[in-house]
Amino acid sequence: MSVFKGPLGSHTNFISYIALDNCSDYTRLCGLNRENGKDKTPDRFKEMRYFLNTIESFNNILDYFYYEFEDEISYENLKKFKQAVWRKYPILKKVAEIANAYKHCVREHKQVKQIGQLWAKDLQNPQIDVSINLTEITTSVGFNFPWPIKEHEDVLDEAFKFWINYIHKENTIDFKKI
């Protein structure tokens, strides 16, 4: 890792200065919101935005690695390389699936929906809660945006640990030899 290459100059710099920092920012924001009792819809929307930044960053690391070492990798293209990595490290496939699901609504055709892949809108379940009290003749309406999604949080936590381990014990994981 060389600071002189900048945050985008190598895959290790991208991990250290972008991806892990995005995850730390997300975790910090969620912690502060819990601590301060901030759980309104705008707070949750902001948490989701930080989450998306993190999951996309984690998903992009393999691209950075592949193009940094393309001449040393035996796979003929990025797609085949990623498939091989995902077989060996399933957590990275889970990250890719979540990242792709969050963008399918905008980037894919209806055929994606027909083959069973999730769209972004399927990952959020906004709810309108209506309460009517006939005795006191009162009505209340509330909007609930359930966030975070526990399964996605678990994947994010596991991916964070994977990349921390990779950075600190880089020689134990060799993507070039997959």
- [ ] Measure up K46/K80; K46/K177; K88/K169; K40/K82; K5/K94; K93/K169 against 28 Å on the Cα-Cα distance and list the ones that go over.
- [x] K46/K80; K46/K177; K40/K82; K5/K94
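Per-residue counts of other Cβ atoms within 10 Å, averaged by peptide: what ranking do you get for 33-40, 44-51, 76-83, highest first? List each step's numbers first, then the result.
Numbers: 33-40: 11.4, 44-51: 17.2, 76-83: 13.9.
For the peptides 33-40, 44-51, 76-83, the packing ranking is 44-51, 76-83, 33-40.
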TODO: Note down the nm distance, to one decimal, between modelled labels 7 Å out along Cα→Cβ at D154 and at I173.
DONE: 2.0
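Since every read-out is calculated from the coordinates, none of them should be taken as a lab result. The structure displayed is predicted, hence computed values, not measured ones. Reconstructed Cβ throughout: ideal geometry from the backbone, glycine too, with neighbour counts over all protein chains shown.
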